[in-house]
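The values are calculated or read from the model by the stated rules, or taken from the named source; none is laboratory data. Fair warning: this is a prediction, and the values are worked out from it, not measured in the lab. Positions of Cβ are generated from backbone atoms using ideal geometry, with glycine treated the same way; all protein chains shown enter the neighbour counts.
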Amino acid sequence: MTPDRPISDLFTQHRPLRSLEFFPPKDDAGVEALRQTATALKRIAPDFVSVTYGAGGSTRERTAQVCEFLRRDFGFTVMPHLTCVGHSRAELGEMADRIHAGGFRNIMTLRGDPPKGQTEFVPYKDGLRYANDLVALLKAKHADFCLGVGGYPETHPEAPSPAADLENLKRKVDAGAAFVTTQMFFDNDLFYRFVDRCRATGIKIPIVPGIMPVLTLKQIQRFTAMVGTSLPPQLVKRLEAAGDNHEAMEAVGLDWALTQIRDLLARGTPGYHLYIMNRAKGALALAAGLAA
Ligand SMILES: Cc1cc2nc3c(=O)[nH]c(=O)nc-3n(C[C@H](O)[C@H](O)[C@H](O)COP(=O)(O)OP(=O)(O)OC[C@H]3O[C@@H](n4cnc5c(N)ncnc54)[C@H](O)[C@@H]3O)c2cc1C
């Protein structure tokens, strides 16, 4: 099979990119459901899809399995995520070789969150401490890897200051990252200010906004509390007005996401990355809304 194109090439096409993020299901039923989601999503021809990497256990093997079939059976350009959690340098090097041998050329390169039950990130024995170390390791192994890294418009929760967080993002860029995908945010002004601050720090690579269409108020409050993203009061008010009606809440979430994406693309943002929670409906509705 021919190796994937580096995603960095896609940014030079001067049209907005659409990418979608999957997570590895826990069981075979979940894998089957994901296949159905992928079948539905083929219609909107995403420029690439990515598959997250868990903190441990069998979902890690599923990341590789899902990446393989999304590439082989659906023809997607697939970007596996990889984290430093629970791996020694030697293991990460072997994984880099396996990913490369599989024809993948794009990796979302992350430190990772601490496994369940742990609050602080502790590097694995002979492992890596920060994502910039993993960027350097992967590039040293295979110079033709095209690496994405995470960026935080509202600052990573562990960073001592926004300025320190940006310096750390710059370390990832200097180590060889090709593009940044951001944590979810719901207020575009936060993204625009982040991009301005990145540019002022000398970060010149594409910065792709991460957008999550809200499904329910409870779920998004839980997610945002975990990752340090703020929820605009106006969005919360609209979601509260939907009461217990899940469909109405989802419609509010889609409308909010559509408004965000329209504004981002109108301002020349290089594309958008959708956190789709393994569901096709939102991505399809947004694609239709944008085409209208
Ligand atoms: C687009 C995207 C995709 C994600 N996918 C996954 C996934 O698949 N699996 C998963 O487990 N998690 C995922 N995450 C979550 C991510 O792992 C967490 O946010 C994690 O806490 C930080 O990862 P990072 O790669 O940004 O870390 P880093 O860039 O290493 O930063 C972590 C913290 O350390 C600080 N720091 C960084 N470098 C240095 C340095 N050299 N010296 C001092 N301080 C430093 C930073 O400011 C930050 O506070 C994703 C996040 C994003 C934005």
Got a sec? Which of Lys116, Lys139 is among the basic types (Lys, Arg), more than 10 Å from the ligand (Cβ to nearest atom) and modelled with pLDDT under 95? Lys116
Scope segment 151-192; condition near the ligand (Cβ under 9 Å from one of its atoms) and either in contact with a Cys (Cβ under 6 Å, 6 or more places away or on another chain) or of a type in the set (A, V, I, L, M, F, W, C) (or both); matching residues: Ala159, Ala164, Leu166, Leu169, Val180, Met184
Given the condition free of Cβ contacts under 8 Å to residues at least 12 places away in the same chain, of a type in the set (Gly, Ala, Ser) and closer than 30 Å to Ala164 by Cα, answer yes or no: does some residue in segment 220-230 qualify? yes
Report yes if some residue within segment 26-45 is of a type in the set (Val, Ile, Thr) and within 16 Å of the ligand (Cβ to nearest atom); otherwise report no. no
Check segment 187-204 and report whether any residue there is of a type in the set (D, E, K, R) and buried (at least 21 other Cβ atoms within 10 Å of the Cβ). no
Restricting attention to segment 120-130, which residues are within 11 Å of the ligand (Cβ to nearest atom) and either surrounded by fewer than 18 Cβ atoms within 10 Å (Cβ to Cβ) or of a type outside the set (A, V, I, L, M, F, W, C) (or both)? Glu120, Phe121, Pro123, Arg129, Tyr130
Please tell me if Asp133 is more than 12 Å from the ligand (Cβ to nearest atom), of a type in the set (Asp, Glu) and surrounded by fewer than 21 Cβ atoms within 10 Å (Cβ to Cβ). no
Select, from Arg111, Arg98, Arg105, the only residue that is farther than 24 Å from Arg71 by Cα and either in contact with a Leu (Cβ under 9 Å, 6 or more places away or on another chain) or at pLDDT 95 or above (or both). Arg111
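Listed here are the residues, each with its yes/no results for (1) in a helix (DSSP H, G or I); (2) polar (S, T, N, Q).
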site	(1), (2)
Arg193	yes, no
Asp196	yes, no
Arg199	yes, no
Gly210	no, no
Leu215	no, no
Ser230	no, yes
Leu235	yes, no
Leu239	yes, no
Cβ-Cβ under 8 Å, sequence separation 6+ or interchain: first residue in segment 15-29 and without any contact (Cβ under 8 Å) to a residue 60 or more places away in the chain, partner outside any loop (DSSP other than H, G, I, E, B) and of a type in the set (Val, Ile, Thr). Which pairs? Pro24/Val51; Pro24/Thr59; Pro24/Thr63; Pro24/Val66; Lys26/Thr59
Residues of segment 221-233 satisfying the condition of being surrounded by 11 or more Cβ atoms within 10 Å (Cβ to Cβ) and more than 16 Å from the ligand (Cβ to nearest atom): Gln221, Leu231, Pro232
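Restricting attention to segment 236-250, which residues are buried (at least 18 other Cβ atoms within 10 Å of the Cβ) and closer than 30 Å to Ala159 by Cβ?
Result: Leu239, single match.
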Inspect segment 62-82 for any residue being within 16 Å of the ligand (Cβ to nearest atom) and without any contact (Cβ under 8 Å) to a residue 12 or more places away in the chain and give the result as yes or no. no
Could you check Ser161 against (1) touching a Lys or Arg at 6+ places or on another chain (Cβ under 9 Å); (2) surrounded by fewer than 14 Cβ atoms within 10 Å (Cβ to Cβ) and say which number it fails? (1)
